[in-house]
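Q: Just passing along the structure, written as structure tokens.
Only the coordinates and a few stated rules stand behind these numbers; no lab work does. None of these values were measured; they are calculated from a predicted model. Cβ placement follows ideal geometry from the backbone for every residue including glycine, while neighbour counts extend to all protein chains displayed.
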Amino acid sequence: MTFELLEKLENKINQAVETIALLQMEIEELKEDKNNLSAKTEELQSDNNRLNEEHQQWQERLSVLVGKIEQVEENID
């Protein structure tokens, strides 16, 4: 009877070791995913900043053009 208990305990320990190994592999995959997502986030933030700057520049250029158009209209009147 003690031998059977030892076998059961051994099986449970082996299962636990296998589960731990699988979980460790899963953790490593999740860490890689996190690093990839962090890199992608940084890239997207950089793109967003660049696009916001471009947008601001276009707004400024359009404001200047609208100002010039208004000046021409005032001169015509």
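Q: Roughly what angle does helix 2-76 make with the longest principal axis of the chain, taking Cα atoms, 0 to 90 degrees, to the nearest 10?
A: Its long axis makes an angle of about 0 degrees.
Q: Using a cut-off of 14 Å between beta-carbons, work out the net charge of the residues near ASN49 (Lys and Arg +1, Asp and Glu -1, ASN49 not included).
A: Result for the local shell: -4.
Q: Continuing with the same structure: So for the chain, what are the equivalent ellipsoid semi-axes in whole Å, largest first, each being the square root of 5 times an eigenvalue of the Cα gyration tensor?
A: 73, 9, 4
Q: If you don't mind, another one. For GLU10 and ASN49 in one chain, what is 0.36 nm times their gap in residues minus the Cα-Cα distance, to one decimal in nm?
A: Length difference between fully extended and current span is 8.3 nm.
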